[in-house]
Amino acid sequence: MTRPEHPEPGRPRGRVYRAPMTDAAPKTTSTSASATASGPADASAAAKASAAAKASASATDPVPVTVIPANQAPWDDLRTVFGDRGTPHDCQCQWFKLLAKEWRATPRRDREALFRSQTHCGDPDADTTGLVAYLGEEPVGWCAVEPRPEYPRLPKLRIPWTGRDEDPDDPAVWAVTCFVVRTGFRRRGVSRALTAAAVDYAREHGARAVEGYALVTVPGKEIVWGELFVGAQSVYEDCGFTEVSAPTPRRRVMRIDFTG
């Protein structure tokens, strides 16, 4: 990402990530309009992340993507990103935060209350659970990023651990678990900006590594936007992540290990 800058008037002041870039058009066909969730990285991976963050905006969409920690954003901005219907609205980014039994027993309204308490929107001195993306002043995206142990469901899943010898309770390894991009703002660099910012954010908060559990997108194969809530493999690659395991034909564990 570029160096921190103070936000525009009206935007909360604090750590701001700017990433003027655009997403390449996916090589897949979307069938839904619903909103969307080997080895240490070396200098080459860091260079990839830097290059992704500095890529120029297209001539047709020069507005840069700005990313801030959610505790610097107003709660109403996150409500705008998550909308009033669809999977993100129903989930409220609680699928990884609740065990299966708790998930089924928790109504949507209670999930929203949990989400609000976790993000600490409007309280920049508090901890938070993710990042909010803006195009200009418009809130357009969300990314969840925290230490792995903060996701109680994660150790119960097969994808993160298949073929790897990992300690699920290691707080120095962070995980990017969920993306939401508003309908009408996709293919405009939001997911890449969020991913690149998540790398910086995790590193600045003491992470030894950060990883994601990406979806493989195949040219000509249909996907629905809801499947991409975990992020696309190509976006992780563009931001310097390296594949460390392939637990299923359609899923990849992508990771950056910080050195020095």
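Brief remarks follow.
- The phi torsions of the range 106-123, fed into the Karplus equation with coefficients 6.51, -1.76 and 1.60 and a -60° offset, translate into couplings of 9, x, 4, 4, 6, 4, 4, 5, 4, 4, 4, 5, 6, 7, 6, 4, x, 10 Hz, rounded to whole numbers, with Gly and Pro shown as x.
- Think of each Lys and Arg Cβ as +1 and each Asp and Glu Cβ as -1; about the Cα centre, that makes the dipole of the range 111-169 roughly 440 debye.
- GluC sites (Glu not before Pro) restricted to DSSP loop in the range 80-146 with at most 10 other C-beta within 10 Å: none
- The range 103-260: relative contact order in percent, alpha carbon pairs under 8 Å with at least 6 residues between: 20
- With neighbours defined as other Cβ atoms within 10 Å of a residue's Cβ, the residues V65, V230 order from fewest to most as V230, V65.
- Scanning residues 5 or more positions from A175 or on other chains, those with amide H under 5 Å from its amide H are E146, R148, E211, with H placed 1.01 Å from N in the peptide plane.
- Proximal aspartates and glutamates relative to K156, as straight alpha-carbon distance under 20 Å, when same-chain residues fewer than 8 apart are discounted: E102, E146, D165, E166, D167, D169, D170, E211, E227
- Between the residues A246, L157, T183, the greatest Cα displacement towards the positive end of the dipole of the range 150-260, with unit charges on the Cβ of Lys, Arg, Asp and Glu, is found for T183.
- Amide hydrogen proximity for A73: with H placed 1.01 Å from N in the peptide plane, the residues at 5 or more positions away or on another chain lying under 5 Å are G122.
- Under 13 Å from the D123 label point (7 Å along Cα→beta-carbon), backbone N, the range 145-177: none
- Here the 3J(HN,Hα) profile of the range 241-252, calculated from phi with Karplus coefficients 6.51, -1.76 and 1.60 at θ = phi - 60°, is 6, 10, 5, 10, 7, 10, x, 9, x, 10, 10, 9 Hz, Gly and Pro shown as x.
- Loop-resident chymotrypsin sites (Phe, Trp or Tyr not before Pro) (DSSP state other than H, G, I, E or B) in the range 226-256 with no more than 14 further Cβ atoms inside 10 Å of their Cβ are absent.
Each value in this text was obtained by applying a stated rule to the coordinates, not by laboratory testing. Please read all numbers here as calculations on a predicted model, not as lab measurements. As a convention, Cβ positions derive from the backbone with ideal geometry for all residues, glycine included, and neighbour counts pool all protein chains shown.
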